[in-house]
Structure formats: structure tokens, C-alpha cells
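The values are calculated or read from the model by the stated rules, or taken from the named source; none is laboratory data. Since the structure is predicted, the reported quantities are computational estimates derived from the model, not experimental observations. Cβ: placed from backbone, ideal geometry, glycine included. Neighbour counts: every protein chain shown.
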Amino acid sequence: MNNSSSISIEKLRGRENYGSWKIAMRAALRLEKVWTNVVEFKSDVDPSTVDCEKDEQALSRITLAIDKVNYSHIAKASTAREAWDSLAAAFEDSGLSRRVALLRSLVDARLELFPSAEEYCNEVLTLAQKLNDLKFVVDDEWVGTLLLAGLPEEYRPMIMGLENSGIKISGDNVKVRILQDVKPSTDVDSALLAVRRKRKPHRPRQEQQRRSYSDGRPTPPKPKHKPNRPPPPAFLSCFATSLSDDRNAWYLDSGASSHITHSSNLLSDVRPCSETAVTVADRSTMDVAGIGDTTIRSSLSRTSNIDVEVHDVLHVPEAAANLLSISKIVRRGNTVEIGGDGAKIRDPTRRIIGTARLENGLYRLNTADDAFRSPANRSPSERSPRSALLTVENADLWHRRTGHLNINGLQHLRACSTGIGCLENPKETCEVCLQGKQS
């Protein structure tokens with residue numbers, strides 16, 4: 001027994017769902033073996049020789065799959081072919097007005113108008129398919145381009161990365177990238193460097209009653225094992241790479257959420273900042289002393305310099321480098337072109353306002369003080385970069401790096417090796433060490 005008639009198909013309501021209904025209905029009739037030479041005839045088959053039993057079955061199936069308000073369109077149809085053609089004449093609008101309406105909807109589609117990125121992508125792909133069905137060809141590259149055109153400004157770094165990746169622009173490729181790069185709903189900059197967050201006020205814990213041994217000695221507190229929870233969406237990795245000892249150098253950073261400088265002397269109009277600290281990947285924090293503006297004398301060539309104003313730069317005294325956030329640069333309408341040997345910054349008029357060279361894995365901005373110097377004319381510290389984190393090295397950091405080695409062992413290690421800076425006494429008690437001693 002063929003139970004394919006039990007397949008549920010959305011009833012035809014009118015022009016709004018005719019396109020999807022036609023595809024589903026055709027598939028159902030094919031599944032029931034009543035489509036070929038019943039509704040659609042091959043060129044060498046005479047329509048008058050149709051199998052009457054199959055024709056009645058197809059006509060009944062079509063009738064049951066439309067809303068009762070549309071019965072008038074097939075009331076006079078005596079065959080399935082007549083019913084199918086009558087419905088197509090009533091609801092399949094392939095005229096100019098239909099094409100214009102679909103094209104307008106396709107061009108006006110914006111991500112912010114949809115509840116999710118997936119629904120946005122599906123709507124654009126569906127509209128393009130409807131236009132193709134009407135013989136208005138929208139090729140795959142155009143579909144991908146229109147998907148990118150409907151994205152908000154915060155997706156611009158992703159678009160630039162896609163442009164420089166060499167990946168073919170198509171509807172499916174762009175959809176995958178959009179769904180992989182969905183932005184969180186909270187108003188937080190996704191950045192590799194650090195996230196700014198306010199410190200929570202300290203709440204003293206109440207003393208808890210402890211059990212005692214038989215001789216009266218209190219038992220040590222049980223270590224509190226915290227579950228390994230993933231960091232929040234706003235938590236970001238630390239900036240770790242090779243930096244030169246030139247503390248006035250500026251670096252382009254695609255991961256930084258804000259411009260950062262370690263020196264207040266580089267800033268003007270310094271004012272208090274609502275963000276009191278930045279947090280890096282090792283969960284250590286650095287105080288934000290203020291926020292201000294700076295002017296960088298950018299070198300475009302050996303004889304051409306230009307003053308570039310940079311606004312809202314965080315003053316973080318503990319930072320080991322001056323960082324320019326690419327995402328903030330792009331949000332102001334500028335463009336950053338990154339290549340294998342350097343980078344260019346263009347303003348909204350496409351005028352070059354900055355260049356950067358690739359140095360030790362980082363894009364260092366060419367400034368009037370150091371641009372275009374040959375390696376032979378640079379300082380020894382620039383020719384021999386040191387490995388550094390955004391945070392200044394301290395005993396707590398090296399304690400964790402060396403598998404929780406004590407301070408005396410660290411001092412001995414520093415005396416017989418190179419690469420470890422000045423070690424001060426640890427600023428905080430290591431909870432991991434305490435738990436290990438009590439186990």
C-alpha cells in the first residue's frame with residue numbers, strides 16, 4: 001500500500017505561498033507516480049492517452065492541497081493538467097511588477113530587521129531563488145555580495161578579512177562565515193587583546209565555624225574547587241608577541257577593543273574613564289588611569305608626513321606597548337588594508353593616512369621618528385626583540401609559567417638563565433599552591 005498521500009503539504013492560500021506550494025506539490029505527485037505523463041507530458045506522449053485512474057488520483061490530490069477559497073479556480077477543471085495550469089495562471093506572477101517587488105525586498109534586506117542571522121541569510125537566498133525562477137538571473141556571486149551589503153558596521157572587519165582571504169564570494173560561503181561570526185547581543189567589543197570591565201566591590205566573607213581536632217587545633221579550611229567555566233563572551237585573549245624596547249612605538253592590533261597607551265605624556269585632554277580596569281587572558285587586571293586623545297605624526301614616505309588625531313585612547317600605565325585598535329579605526333569609516341609585508345590605513349575618501357611595516361610578527365606604524373629606518377640604523381633592542389606580554393612581567397606571572405615554582409627557585413633560575421626580568425615578591429597568595437599543600 002502506498003502511504004505517500006499521508007505526506008502533509010501546506011495548503012495553497014494564494015500568491016504569497018504559491019512558489020513553495022508548487023515545489024512541494026510537484027514532489028508529492030512524483031512520489032505517488034502521478035506526475036509524469038499525467039500533469040507534465042513528455043514530448044513524444046499524446047495527452048489524450050493519459051491513464052484515467054492516475055489522472056483522477058492527481059486531480060484529487062491537488063484539490064485536497066489547496067484552501068477552499070481557491071476551489072473556484074479549479075471547479076471547471078476535468079483533468080489534473082487543467083487544474084495545474086489554472087492555478088499557475090491565477091497565482092504565478094512572473095510580470096515586471098513581481099520582479100520589481102522581489103528585487104526591492106532583496107536589496108533592502110538588513111540583518112538588524114531579522115530575529116537571527118540564520119533567518120536573514122535564508123530570506124536573502126530565498127528571494128534570489130524566486131527571482132531566478134522568474135528568469136531574472138541573480139548569480140551566486142551577487143547573492144554573496146548582497147548578503148555582505150546587509151550586514152551592520154561591526155561586521156566590517158569580517159568583510160575585509162573575507163576580501164583578503166581569496167575565498168570565492170558565493171551565497172553559501174558568505175552564509176557560513178556570517179553564522180560563524182555571529183556577534184553577541186550584548187554591546188561588547190569582540191577583541192583579542194582585553195575587555196574593559198568595572199571591578200566589583202569587595203564583599204568581606206563572614207567567618208565560618210570550623211571543626212577542630214581532638215587536641216583543640218582547628219582543621220584547615222577545605223579547598224573550594226570552582227568548576228571550569230568558560231570565560232564570558234566578552235572575555236578575550238592576551239596580546240602576546242615580540243615587542244621592541246621602543247616604548248613610543250605604535251602597533252596595529254586586530255584584536256584590541258580600544259586604543260591603549262602606557263604613557264600619559266602622549267595624551268592630551270586627559271579625563272576620567274568609566275572603565276576602571278582591563279582584564280587580560282591570564283585573568284590579571286591592569287588599572288585604567290584615564291582616557292584622552294593623541295596626535296601621531298604618521299610617515300607616508302621618506303619626505304611625506306601627516307598628523308593623525310586618535311581619540312579615546314585608554315591610559316594603562318602597566319601596558320607594555322601602545323596599541324591602535326583596527327576595529328575602532330574601521331568603525332570611524334576608515335579602511336585597513338593588510339598585506340604580507342605591511343599595512344595601509346585609508347580614510348573614507350580612500351586617501352592614505354598611515355602605513356605600517358611587518359616587524360617581528362606585528363604591524364608597527366611608521367611614524368616620523370622611526371619610519372623607514374634600515375635594520376642597521378635601529379637600536380640593538382629593536383634588532384633583538386624580547387618576548388613580552390601586554391602586562392609587565394612579575395613574580396606571580398613567572399610563578400605560574402614555571403609550574404608554581406617558589407620565589408627562591410625563581411631567583412635561582414633568573415641567576416643562571418636569560419630572559420627573566422626583575423622579580424619582585426609575589427603580590428598575592430597562590431590558591432593552587434594552598435590547595436596542593438592541603439591535599
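Points to keep in mind about this one:
- Considering the stretch 346-359, and only residues there that are farther than 10 Å from Leu300 by Cβ and touching a residue at least 40 places away in the same chain (Cβ under 8 Å), the residue that is surrounded by the fewest Cβ atoms within 10 Å (Cβ to Cβ) turns out to be Glu359.
- Those residues of the stretch 307-334 which are touching a helix residue (DSSP H, G or I) at 6+ places or on another chain (Cβ under 8 Å), surrounded by 15 or more Cβ atoms within 10 Å (Cβ to Cβ) and not aliphatic (A, V, I, L, M), in sequence order: His315, Asn322, Ser327
- Answer residue from the stretch 256-265, given it is crowded, with 18+ Cβ neighbours inside 10 Å and in a loop (DSSP other than H, G, I, E, B) and is modelled with the lowest pLDDT among those: Ala256
- Residue within the stretch 81-100 that is surrounded by 15 or more Cβ atoms within 10 Å (Cβ to Cβ) and either within 29 Å of the chain's Cα centre (by Cα) or β-branched (Val, Ile, Thr) (or both) present: no
- The number of residues in the stretch 1-22 being of a type outside the set (Lys, Arg), in contact with a Leu (Cβ under 9 Å, 6 or more places away or on another chain), at pLDDT 80 or above and part of a helix (DSSP H, G or I) comes to 2.
- Residue-level check: of (1) more than 23 Å from the chain's Cα centre (by Cα); (2) outside any loop (DSSP other than H, G, I, E, B), Ile329 misses just (1).
- Qualifying residue in the stretch 137-156 (condition: touching a residue at least 24 places away in the same chain (Cβ under 8 Å), surrounded by fewer than 12 Cβ atoms within 10 Å (Cβ to Cβ) and assigned to a loop (DSSP other than H, G, I, E, B)): yes
- When residues of the stretch 66-85 are limited to those that are among the charged types (D, E, K, R) and not in a helix (DSSP H, G or I), the one nearest to Glu40 (Cα to Cα): Lys76
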